[in-house]
Amino acid sequence: MARRVFFSFHYERDVRRIMQVRNSWVVRPEGSAQPFYDAADFEQAKRRAGGIENWIEEQLAGTSVTVVLFGAETYGRPWVLHEIKRSYELQKGILAIDIHGIKDPQNGTDKPGKNPLSHWSIKRNGVDVTFDKIYRTYDWVKDAGYQNMPVWIEAAAKAAGR
């Protein structure tokens, strides 16, 4: 079953890696994804009433899963953290994919970054448990993301009851 997916990522640093993930998703005959936004969309959203926060809400609407694509500097990005928090609050399926090993055509691979899911935690039996312990994390290169991302997305959706 094709899922509508929201992709969260650090645009400026990882755009060429993101495009490879995007292209692998778009070419699938049954793939149905929320469009990846580009810099122009993001800049336009800043100028609209309600700004980026409203734009994120619009992008999350109708999706069942949020895929956090993270590289070397994604962890500290405020809008990525906001997107994760809102996805949790909206009870979306969530998963993270480490993209540092994807070769950027200009810069090659990147250094690993901290998983943004580890920023958030919830109490379980009186203990703080970070999201990276609750939701699955994959490595695009090592875990064969091109072949497996649809399976990962479906598993995240089912885990969230969607």
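The values are calculated or read from the model by the stated rules, or taken from the named source; none is laboratory data. Since the structure is predicted, the reported quantities are computational estimates derived from the model, not experimental observations. Positions of Cβ are generated from backbone atoms using ideal geometry, with glycine treated the same way; all protein chains shown enter the neighbour counts. For the accessible areas, the whole protein counts, side chains as well, though only heavy atoms, and no ligand, DNA or RNA atoms are used. Shrake-Rupley method; radii C 1.70, N 1.55, O 1.52, S 1.80 Å.
Estimated from the Cβ-Cβ distance and a Förster radius of 41 angstrom, the FRET efficiency linking LYS158 and ASN107 is about 0.65. Annotation: peptides 5-13, 105-113, ranked by per-residue average of other Cβ atoms within 10 Å with the highest first, follow the order 5-13, 105-113.
How much length would be gained if the chain were fully extended between ALA61 and ASP139, taking 0.36 nm per residue of separation minus their Cα-Cα distance, in nm to one decimal?
Working: separation 78, 0.36 × 78 = 28.08 nm, distance 2.67 nm.
Gain in length upon complete extension: 25.4 nm.
Extending 7 Å from Cα along the Cβ direction at TYR146 and again at SER121 yields two label points whose distance is 3.9 nm.
Within the assembled protein chains, the solvent-accessible surface assigned to HIS119 is about 80 Å², based on a 1.4 Å probe.
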